[in-house]
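What follows is a single structure, written as structure tokens, with notes after it.
The values are calculated or read from the model by the stated rules, or taken from the named source; none is laboratory data. Bear in mind the structure is a predicted one, so any value in this text is a computation, not a measurement. Counting neighbours? That spans all protein chains shown, and the Cβs are built from the backbone with ideal geometry, glycine included. In case anyone asks, the SASA skips ligands and DNA or RNA and just uses the protein heavy atoms, side chains included. Shrake-Rupley method; radii C 1.70, N 1.55, O 1.52, S 1.80 Å.
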Amino acid sequence: MRFPSVATRSVSLLRNSNRVAFVNNNVAVGSYVASFSGVRMMSSRPDIKPANPEFSSGPCKKHPGFEVSSLDLRSLGRSHRSAIGKERLGFAISETKRILKIPDDYLVGIVPASDTGAYEMAMWNMLGARGVDIFHWESFGKGWFADAISHLNLREDGVEVNEYTADYGELPDMNQANSDNDVCFTFNGTTSGVRVHDDGCQFIKDDRKGLTLCDATSACFAMEMPWDKLDVTTYSWQKVLGGEGAHGMLILSPRAVERLENYTPANRPLPKIFRMVKKGKIDAALFRGATINTPSMLAVEDYIDALAWADSQGGAKGLMDISQANLKAVEQFVDQNDWIDFLAKDASIRSSTSVCLTLDLSAEQIKAFVKLLETENVALDIGGYRDAPPSIRIWCGSTVETSDVKTLMPWLEWAYHQVK
């Protein structure tokens, strides 16, 4: 906001009609107060709060209208191996395939330990057959690289492992991927707010020899997934659908199944919860709902409920539209304020779910900013990830209503001026 020049002498002027006042070189305009000695502006406390203050990036907000009492509880207290247990687990898998439009010849399984368990399950079973290109630009992708070299010890076993990386807020050149190698990457960096380009993963060749392993935990149901380019895809219930934690989803292409049935890593013990091959063949029962270990049937019912809600919103496309509307609300606010910016400066790689923002504040001031909004019960759990640059992170997935994102924006401005 620009102000007219003011003479050094005291000026006293009051115009109640338009709420403008100059008093001793200070100016009050509408809801702002600014001092020309340092030009400090204070916005007034907004009157309206978001209807729901939950903007956590995981576990994420439950979907609108969620009620525990609406869950089908027939499977609770029953064995997951019982007829009802198998039926509900199988239904969760079939509905996942239908809503995400996963090809019929792909397999979908429910596995332990959230997205992390699903992705490491794939790494431990499949990597080592050929060279590996690992792309990372935030903490979880960096973790997959550490797994490959420090725990799987692929380099020590003579496997070529190439690392392609970029700073937080940026994306490495994905075209460096070698189609002869396996390629590991994160579709959407939850801790940096950076996603791959929305071009159908053109960096992946149709005639590739290697497999692609995609961590899509904050992308599935929020971004278009080019299934023909993805051989292994993982995600968890607790992100875009606002489900519960501890369970992961593993999606395999026929090429991935072929790898599993024709390659066994030498001298690599597999924990029971990682085993998905029996006598040289894929354990097909796992992908019909016969889970490796005992799942929470309450969490399963919660996931089925979230899938039903997604279906009511128009399926994956409807959820993508909501997330894009949420991102647009933030973009409009950022465009109007020079003290806040996206960690991802390039809009073409900007996440619509994990929206990461930098502020014209010190690290300690950002902590105070986050604490203030939590104290006001306006925005909960929006602190940036611990390994990321000082920042805030606002979840804009589809379970968050656009009206709440818009209502939050004035509170960001108010909190900024409170702590600045």
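In a GNM of the chain with a 10 Å cut-off on Cα contacts, which of 116, 190, 264 has the highest mean-square fluctuation?
264
For the stretch 108-150 and the stretch 311-366, what is the separation of their C-alpha centers, rounded to whole Å?
Comparing the Cα centres of the stretch 108-150 and the stretch 311-366, I get a distance of 27 Å.
Assuming R0 = 22 Å, what is the FRET efficiency of residue 317 and residue 97, from their Cβ-Cβ distance, to the nearest 0.05?
Details: r = 16 Å, r/R0 = 0.72.
The value I calculate is 0.90.
Quick check: residue separation of residue 417 and residue 308 times 0.36 nm, minus the Cα distance between them. What number comes out in nm?
Numbers: separation 109, 0.36 × 109 = 39.24 nm, distance 4.21 nm.
Full extension from residue 417 to residue 308 adds 35.0 nm.
Given charges of +1 on the Cβ of Lys and Arg and -1 on the Cβ of Asp and Glu, with all other atoms neutral, how large is the dipole of the chain about its Cα centre, in debye to the nearest 20?
Details: 45 positive and 53 negative charges, 168 e Å.
It comes to approximately 800 debye.
To the nearest 10 Å², what's residue 273's accessible area with a 1.4 Å probe?
Taking all protein chains as shown, residue 273 has close to 70 Å².
Along the positive direction of the dipole of the chain (beta-carbon charges: Lys, Arg +1; Asp, Glu -1; about the Cα centre), which of 382, 292, 220 reaches farthest?
382
Subtract the Cα-Cα distance of residue 197 and residue 283 from 0.36 nm times their separation in residues, and report this length gain in nm to one decimal.
27.5 nm
If the reach is capped at under 17 angstrom between alpha carbons, list the aspartates and glutamates near residue 371, excluding any in the same chain fewer than eight residues apart.
The qualifying aspartates and glutamates are 54, 360, 381, 413.
Quick one: Kirkwood hydrodynamic radius for the stretch 268-409, alpha-carbon pairs, angstrom, one decimal?
By the Kirkwood definition, the hydrodynamic radius is 18.3 Å.
Please list 331, 224 from largest to smallest accessible area, probe radius 1.4 Å, with all protein chains kept in place.
Values: 331 50, 224 115 Å².
The ordering from most to least exposed comes out as 224, 331.
Quick test of the membrane-span-like rule: which DSSP H helices of the chain reach at least 20 Å along their long axis (C-alpha atoms) with mean Kyte hydropathy at least -1.0? Intermediate results must be reported in sequence, preceding the final value.
Numbers: long enough: 83-100 (25 Å, 0.08); 297-312 (23 Å, 0.52); 315-335 (30 Å, 0.01); 402-419 (26 Å, -0.27).
Flagged H segments are 83-100, 297-312, 315-335, 402-419.
Once you place label points 7 Å from the Cα toward the Cβ at residue 74 and residue 377, how far apart are they in nm?
With each label point 7 Å from Cα toward Cβ, the separation is 3.9 nm.
Can you list the trypsin sites (Lys or Arg not before Pro) in the stretch 261-325 that are in a DSSP coil and have 12 or fewer other beta carbons within 10 angstrom? Please report the intermediate quantities before stating the final value.
Details: sites: 272, 275, 278, 279, 281, 288, 317; in loops: 275, 279.
Here the sparse-neighbourhood loop sites are 279.
Any idea of residue 419's accessible area? Nearest 10 Å², probe 1.4 Å.
About 30 Å², rounded to the nearest 10.
Among 377, 337, 188, which one shows the biggest mean-square fluctuation in a GNM of the chain, springs joining Cα atoms closer than 10 Å?
Greatest mean-square fluctuation among the candidates belongs to 337.
Return the Cα extents of the stretch 193-347 along principal axes one, two and three, sorted largest first, each rounded to a whole Å.
61, 40, 28
Taking all protein chains in place and a 1.4 Å probe, what share, in percent, of the accessible surface of the chain do carbon and sulfur account for? Could the numbers behind the result be given before it?
On the way: 9030 of 18590 Å².
Whole-percent figure for carbon plus sulfur exposure: 49.
So what is Rg over Rh here for the chain, counting just Cα atoms and using Kirkwood for Rh? Mind showing how you got there, number by number?
Values: Rg = 24.7 Å, Rh = 23.3 Å.
Ratio of gyration radius to Kirkwood radius: 1.06.
What percent antiparallel are the DSSP beta bridges of the chain, to the nearest 5? Walk me through the numbers on the way to the answer.
Details: 40 of 56 bridges.
Expressed as a percentage, antiparallel bridges in the chain total about 70.
Running a GNM on the chain with Cα contacts under 10 Å, which residue among 201, 214, 184 ends up with the highest mean-square fluctuation?
So, out of 201, 214, 184, the one fluctuating most is 201.
Per Stokes-Einstein, at 25 °C and 0.890 mPa s, what whole-number D in µm² s⁻¹ belongs to the stretch 202-288, with the Kirkwood radius over Cα pairs as the hydrodynamic radius?
On the way: Rh = 14.6 Å.
The Stokes-Einstein estimate is 168 µm²/s.
Quick one: in the stretch 117-175, what % of C-alpha pairs are over 19 Å apart?
Numbers: 473 of 1711 pairs.
It works out to 28 percent of all Cα pairs.
What does the charge dipole of the stretch 337-420 about its Cα centre add up to, to the nearest 20 debye, if the Cβ of each Lys and Arg holds +1 and the Cβ of each Asp and Glu holds -1? Before the final figure, lay out each step's value.
Values: 8 positive and 12 negative charges, 26 e Å.
That gives a dipole near 120 debye.
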